[in-house]
Amino acid sequence: MDESLQDYHAVVAVSELEDRVPYPVDIGAEEIALVMMDNEIYAINNICTHEYACLSDGYVEDDRIVCPLHLAEFDITTGEVVEDPAEENLQTYSVKVVDDQVYVKI
Ligand code: FES
């Protein structure tokens, strides 16, 4: 395998992703949401840091993902909280695209 993809996991084809529509993927015990924005793909933890909710059940507004439960908002590019009630930032993951395949580093 390509050495530059060490620790990366193939998760989905780019063509499966729609702009600003969160796409949930599990890598082992890790629950992740992929979000494509303007042809750039980001990976964030899919579980809200406030209580238990899947952010992929929420929606994307500009570059923020909005939690479906209490409407906390996180910056998709950095994982940072931008709106209460969440206080803790989301973990983000490194993403690579090779031949239409999305890889996420865990
Ligand atoms: S669970 Fe996400 S804001 Fe409360």
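The values are calculated or read from the model by the stated rules, or taken from the named source; none is laboratory data. Note that this is a predicted model, so its numbers are computed, not measured. Don't worry about glycine lacking a Cβ; one is built from the backbone with ideal geometry, like all the others, and counts go over all protein chains shown. Please note that ligands, DNA and RNA were not included when accessible areas were found on the heavy atoms of the full protein model with its side chains. Shrake-Rupley method; radii C 1.70, N 1.55, O 1.52, S 1.80 Å.
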Practice prompt. Could you please let me know if PRO24 is under 9 Å from the mean Cα position of the chain (by Cα), touching a residue at least 12 places away in the same chain (Cβ under 8 Å), open to solvent by 30 Å² or more (accessible area, probe 1.4 Å) and over 12 Å from VAL95 (Cβ atoms)?
Written response: yes
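Quick check on my filter: what residues within the range 45-70 are part of a loop (DSSP other than H, G, I, E, B), out of contact with any Ser or Thr (no Cβ under 8 Å at 6 or more places or on another chain) and either among the aromatic types (Phe, Trp, Tyr) or within 13 Å of the ligand (Cβ to nearest atom) (or both)?
The first filter runs over the range 45-70 and keeps only residues part of a loop (DSSP other than H, G, I, E, B), leaving 46, 48-53, 58, 62-63, 67-70.
Subset that is out of contact with any Ser or Thr (no Cβ under 8 Å at 6 or more places or on another chain): 48-53, 58, 62, 67-70.
Scanning the range 45-70 gives CYS48, THR49, HIS50, GLU51, TYR52, ALA53, GLY58, CYS67, PRO68, LEU69, HIS70.
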Discussion item. Tell me the residue from GLU40, GLU73 that is more than 12 Å from the ligand (Cβ to nearest atom), out of contact with any helix residue (DSSP H, G or I) (no Cβ under 8 Å at 6 or more places or on another chain) and not basic (Lys, Arg), please.
Written reply: GLU40
Practice prompt. Kindly provide the set of residues from the range 5-14 that are modelled with pLDDT under 95 and open to solvent by less than 30 Å² (accessible area, probe 1.4 Å), ordered by number.
Written response: LEU5
Item to complete: Consider only pairs whose beta carbons are under 8 Å apart and that are at least six residues apart or on different chains; among these, list those whose first residue lies in the range 57-68 and is charged (D, E, K, R) and whose second residue is open to solvent by 50 Å² or more (accessible area, probe 1.4 Å) and within 14 Å of the ligand (Cβ to nearest atom).
Response: ASP57/PRO68; ARG64/VAL82; ARG64/GLU83
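Go through the range 36-49 and give me each residue that's among the polar types (S, T, N, Q) and surrounded by 14 or more Cβ atoms within 10 Å (Cβ to Cβ).
Taking the range 36-49 first, the residues among the polar types (S, T, N, Q) are 39, 45-46, 49.
ASN45, ASN46, THR49, listed by residue number.
Matching residues to (1) surrounded by fewer than 20 Cβ atoms within 10 Å (Cβ to Cβ); (2) out of contact with any helix residue (DSSP H, G or I) (no Cβ under 8 Å at 6 or more places or on another chain); (3) at pLDDT 95 or above:
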{"position": "GLU16", "(1), (2), (3)": "yes, yes, yes"}
{"position": "GLU51", "(1), (2), (3)": "yes, yes, yes"}
{"position": "CYS54", "(1), (2), (3)": "yes, yes, yes"}
{"position": "GLY58", "(1), (2), (3)": "no, yes, yes"}
{"position": "GLN101", "(1), (2), (3)": "yes, no, yes"}
Item to complete: Out of ALA33, ALA86, report the one residue that is in contact (Cβ under 8 Å) with a residue 24 or more places away in the chain, in a strand (DSSP E or B) and open to solvent by less than 80 Å² (accessible area, probe 1.4 Å).
Response: ALA33
